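Let me begin by presenting the structure, written as C-alpha cells, before commenting on it.
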Amino acid sequence: MGVVFALIETIAPRFLRYSLAVILIWIGAGKFADPSPVVGLLKASLPFLASAGFVYVLGAVEVVVGIALVAGFMLRYAGLVLLGLFAGTLLIFLIAPAVSYGDAGFPLLSLVGQFLLKDLVLFGASLQIIAQAAMTEDRRLRMAHAAK
C-alpha cells in the first residue's frame, strides 16, 4: 500500500492543477459561446454586473488562469484570482437566497444552488494550489541557499 500512497502523493498536486485548469478553460470558453445563463444569474443576484461584456471578461479570466495552471505559471497568484472568482460565486448564497434555495428554502438547494455549491470545493482546491506552490517555492529557495 505504501507504493500506492507514494504514487498518489506524487501525482495529486499536478492532477489537482490540471483538473482545475480543464474546468476553468471549459467553463470560461462556454461563456463566449452563450453568456446568457450567467447574465441571468447575475440579474438575480448582482444586477449591476449583469451584462454580456462582464461575462466575457469572467470567461477570459477563467481561460487565462486555466492556462496558467497548466503551464505552472505564477501559481500562487492564479490561486488568489480563483479565490476571488469562487468567493464571488459563493456570495450568491448570501445575497440571493431565492436563487440558491428556490421555493423550498434553506437547507434544500435549488438546481442552481447545487451548481453554485460546487464552488466551495473549487475554493478549497484553489487554497491547495496556493499552499502547494508556496511549499514548492520555499523548497527551491532552501535548495538554492544550501547550494551556495
The chain: DSSP helices with Cα axial extent of at least 20 Å and average Kyte-Doolittle hydropathy no lower than 1.0: 2-33, 52-71, 75-95
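Using just the helices of the chain, give the 222 nm mean residue ellipticity in deg cm²/dmol: DSSP H runs with n ≥ 4 each add -39,500 (n - 2.57), and the total is spread over all residues, rounded to 500. Mind showing how you got there, number by number?
Values: 6 runs with 125 residues, N = 148.
About -29000 deg cm²/dmol.
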Semi-axis lengths, Å, region 1-88, gyration tensor of Cα atoms, sqrt of 5 times eigenvalues: 31, 12, 12
Charge dipole (region 10-148, unit charges on Cβ, about Cα centre) - positive-most of 61, 130, 88: 130
Residues with amide H under 5 Å from that of residue 109, placed H, sequence gap 5 or more: none
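When you have a sec, figure out the Kirkwood radius of region 81-125 from all distinct Cα pair distances and drop it here in Å to one decimal? Could the numbers behind the result be given before it?
Numbers: mean 1/r = 0.0956 Å⁻¹.
Every distinct Cα pair counted, the radius reaches 10.5 Å.
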Region 98-120 versus region 14-69: alpha-carbon centroid distance in Å: 19 Å
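Once Rh for region 2-147 is found with the Kirkwood sum over Cα pairs, what is the Stokes-Einstein diffusion coefficient at 20 °C and 1.002 mPa s, in µm²/s? Don't skip to the answer; put the middle values down first.
Working: Rh = 16.8 Å.
The calculation lands on 128 µm²/s.
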Compactness of region 51-112 as Cα Rg over 2.2 N^0.38 Å, two decimals: 1.42
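Taking 8 Å as the Cα distance limit and 6 or more residues as the minimum spacing, I'd like the relative contact order of region 2-147 as a percentage. Before the final figure, lay out each step's value.
On the way: 136 pairs, mean separation 33.7, N = 146.
Answer for region 2-147 is 23 percent.
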Reach of residue 31 by Cα under 29 Å, taken over lysines that are not fewer than 8 positions away in the same chain: 43, 118
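Any read-out appearing in this document is the output of simple, stated calculations on the displayed coordinates, not a laboratory observation. Just so it is clear, the structure is predicted and the values come from calculations on it, not from any experiment. Backbone-built Cβ (ideal geometry, glycine too); neighbour counts: all protein chains shown.
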